[in-house]
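Here's the structure we're looking at; comments come further down.
Rule-based calculations on the coordinates, nothing more; no lab input. For clarity, every value in this text was computed on a predicted model and none was experimentally measured. Every residue, glycine among them, receives a Cβ derived from its backbone with ideal geometry; neighbour counts consider all protein chains shown.
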Amino acid sequence: MGSRASSLLREEDIEEIKKETGFSHSQITRLYSRFHSLDKGENGALSREDFQRIPELAINPLGDRIINAFFPEGEDQVNFRGFMRTLAHFRPVEDNEKNKDPSSGEPLNSRNNKLLFAFRLYDLDRDDKISRDELLQVLRMMVGVNISDEQLGSIADRTIQEADTNGDMSISFSEFIKVLEKVDVEQKMSIRFLH
Amino acid sequence: PCKDIEGSWWLANVLLGMWISVVLALTVLPAMFGLSLGFTDLYIKVLVKTLEWAALRIQRAQKVPAVPCHLPNGIIQKGDSSMEEEIMELRRMHPHPLTGGNFTLCDTFYFCKKGIESIVEDQVTQRFTSEELASWNLLTRTNNNFHYISMRVTIIWGLGVFIRYCILLPLRIILAATGLSWLVIGTTLVGILPNSNVKDRISDLLHITCYRICARGLSAKIHYHNKENHPKKGGICVANHTSPIDIVILANDGCYAMVGQVHGGLMGLIQRSMVRSCPHVWFERSEMKDRHAVAKRLRDHVADKTKQPILIFPEGTCINNTSVMMFKKGSFEIGKTIHPVAIKYDPQFGDAFWNSAKYSMVAYLLRMMTSWAIVCNVWYLPPMSQQDGEDAVNFANRVKSAIARQGGLVDLSWDGGLKRGKVKESYKEAQQKMYSSMIVGH
């Protein structure tokens, strides 16, 4: 028989996800259908291979780092809650107007949380600092074989020089925010979900 | 009492025999002459009315407005600016002017957003599963998000199940079995005749009749458009591929020389007998690897103007009929006229896509025979040839676009082989190269 995707998602689950992420009911069912179609093993969780099966993601230079962002520390599987929680970072900020709930704390798609998501793409060891090595790693992923080590090294040095205000030769999260304060993060790190 | 039982068995046998004969007479004779008795048309009309009624009732019963899972517009709205435009915009927002090496920490935003967008919705993975319907068509298999509606709809659905499984399925199996066995027996017999015009004409008639019987076995209603562009002898016919049934659909309106790999079992038997009555091109698995040998055999066949046009599916695999994927350039290097054909199935009556990862051939055929019907449109496009200075890849893409446009399908450059294989590293390398040129300003 065909898949019964949405019948596996209970109303209570949908309500909880709604509260946590801010997605609407129809967006959640649609994203659950997508989650289910990616889940080739049909075990209610996605593995890294499931993500890599998406060709457009496999050819993205930062594909592996983006996939990593979905998986909590040391785990190989992400369930639907985790999937939605990560995607929630990319909800547009305007959509928050309807769900103003003062007790729920900072929403996942706030400017701060979007910047934190981008910061964590660099900061692989989660020590809240982007070291020269970590910056070089990301640069190498994005340029492939087209730029020499020396040139890449000097680009990394210059970037750290510009951002580093406390002289520890690495970029902390607050330094990261300061450098990017004029960037329209809300628009560049948001995806327009249709209802 | 014994005689009574014997008598009633005999009577049952006679009745069964009569019934089968009537059925065969009503289908075989019209099939030979290409006539239609109108049963299928009437059935389709009744079906359409019923499905419309069901759709209305479902709409009325839905408290939340029905949101199908795969809207034609998709889940998200993507921008269509290029990598360069997006990254330049990010750079403009950066406070410090950069000298000698353009990199900003926010460059990653572009790749990040593109990556997340492709996780939510991508152009490729959705092509390898069946198309989702906007409104339920009363088949259990497509019931993804439409729950219990009302007693009346459920009764009609139940009636549908009974009609499809208990009445239509046995009928269709008999017809398909008849069609296939006549094909095997008939072509073997025709093969005994000496080569002549008469033999060719008998062979053509036999092929068409058997394919028509098979089409009845699927309750197929096919609408052919632009018959003046029908592929001619000595030409190459290319079409988009959705299922093995494509062959039956096309062969109902003309004779083609099939191209394919030699199989074992029943398929192999059919292949061996078919080739006795008229030339088809069957390749051994080992031969397929040698592209030059393959091209030579096809070229030789096409050069012979007495042979039927060859039928090729350049995608190389079954796609779900919402898009046309990359055409392999092999068939376009032979250098003859290409006759493109677009096939579009109507998913309302039955899902024709063969998801070979999920269903075996037998399971697939059973699904086909328990659908409502197979309704499709076939468009014959005007012949196309390679232009001066155009290489095979561009020619293939030109033909692909023409077919996609005619069939209302999405034109993709992605390879259908991505169904099973990994994407080539060269695509990622191309992106890295483009980005590098933005950093060091080449």
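General observations
- B:Val161 versus B:Asn355: modelled label distance in nm, points set 7 Å from Cα along the beta carbon direction: 2.0 nm
- Degrees separating the helix B:151-162 axis from the principal Cα axis of chain B, which is the longest one: 60 degrees
- On the basis of the beta-carbon distance and an R0 of 22 Å, B:Asn226 and B:Phe33 show a calculated FRET efficiency of 0.40.
- For the stretch B:387-442, the convex hull drawn through the C-alpha positions has a volume of 136 cubic angstrom per residue.
- Between the Cα long axis of helix B:169-192 and the first principal axis of chain B there is an angle of about 80°, rounded to the nearest 10.
- Dividing the C-alpha radius of gyration of the stretch B:316-434 by 2.2 N^0.38 Å, with N its residue count, gives 1.24.
- Largest first and in whole Å, the equivalent-ellipsoid semi-axes of the protein assembly as shown read 55, 33, 19, each the square root of five times a Cα gyration tensor eigenvalue.
- Straight-distance crosslink candidates among lysines, where the alpha carbon sits under 20 Å from B:Lys199 and sequence neighbours closer than 8 are dropped: B:Lys232, B:Lys233, B:Lys305, B:Lys307
- Those aspartates and glutamates that a straight Cα-Cα span of less than 16 Å connects to B:Lys78, excepting residues fewer than 8 apart in one chain: A:Glu56, A:Glu186, B:Glu86, B:Glu117, B:Glu121, B:Asp122
- Exposure proxy order (Cβ contacts within 10 Å, fewest to most) of A:Tyr32, B:Tyr224: B:Tyr224, A:Tyr32
- Cα long-axis angle, helix B:425-440 against chain B (0 to 90 degrees, to the nearest 10): 20 degrees
- Calculated FRET efficiency for the pair B:Ser21/A:Gln137, C-beta based, R₀ 51 Å, to 0.05: 0.10
- The alpha-carbon of B:Lys45 sits under 19 angstrom from the alpha-carbons of these aspartates and glutamates, leaving out residues fewer than 8 places away in its chain: B:Asp346, B:Asp351.
- Take each residue of peptide A:48-58, count the partner chain Cβ atoms within 10 Å of its Cβ, and average: the result is 6.
- On the principal axes of its alpha-carbon atoms, chain B has extents of 105, 63, 38 Å, going from largest to smallest.
- Approximate shape of chain A as ellipsoid semi-axes (Cα gyration tensor, √5λ), whole Å, largest first: 33, 22, 13
- Separation in nanometres of the label points that stand 7 Å from Cα toward Cβ, at B:Lys329 and B:Lys296: 2.1 nm
- Three semi-axes describe the equivalent ellipsoid of the stretch B:247-384; taken as square roots of 5 times the Cα gyration tensor eigenvalues and ordered largest first, they are 26, 19, 16 Å.
- Computed FRET value (nearest 0.05) for B:Ile5 with B:Leu193, which takes r as the C-beta separation and R₀ as 45 Å: 0.40
- Site pair B:Gln387 and B:Ala430 shows an inter-label distance of 2.1 nm when each label is modelled 7 Å from Cα along Cα→Cβ.
- With Rh defined as the Kirkwood radius, the inverse of the mean 1/r over Cα pairs, the Rg/Rh of the stretch B:184-276 is 0.95.
- Proxy reagent accessibility, fewest Cβ within 10 Å first, across A:Phe80, A:Phe71, A:Phe35: A:Phe71, A:Phe80, A:Phe35
- Per the Debye calculation on the stretch B:291-359 with a single equal scatterer at every Cα and no solvent contribution, log₁₀ I(q)/I(0) for q = 0.13, 0.17, 0.26 Å⁻¹ amounts to -0.51, -0.78, -1.22.
- Once the Cα-Cα distance is subtracted from the 0.36 nm per residue extended length, the A:Val145 to A:Asp64 segment shows a gain of 27.4 nm.
- Compared with the alpha-carbon gap, the fully stretched path from B:Thr317 to B:Val275 is longer by 12.8 nm at 0.36 nm per residue.
- Exposure proxy order (Cβ contacts within 10 Å, fewest to most) of B:Ser150, B:Ser356: B:Ser150, B:Ser356
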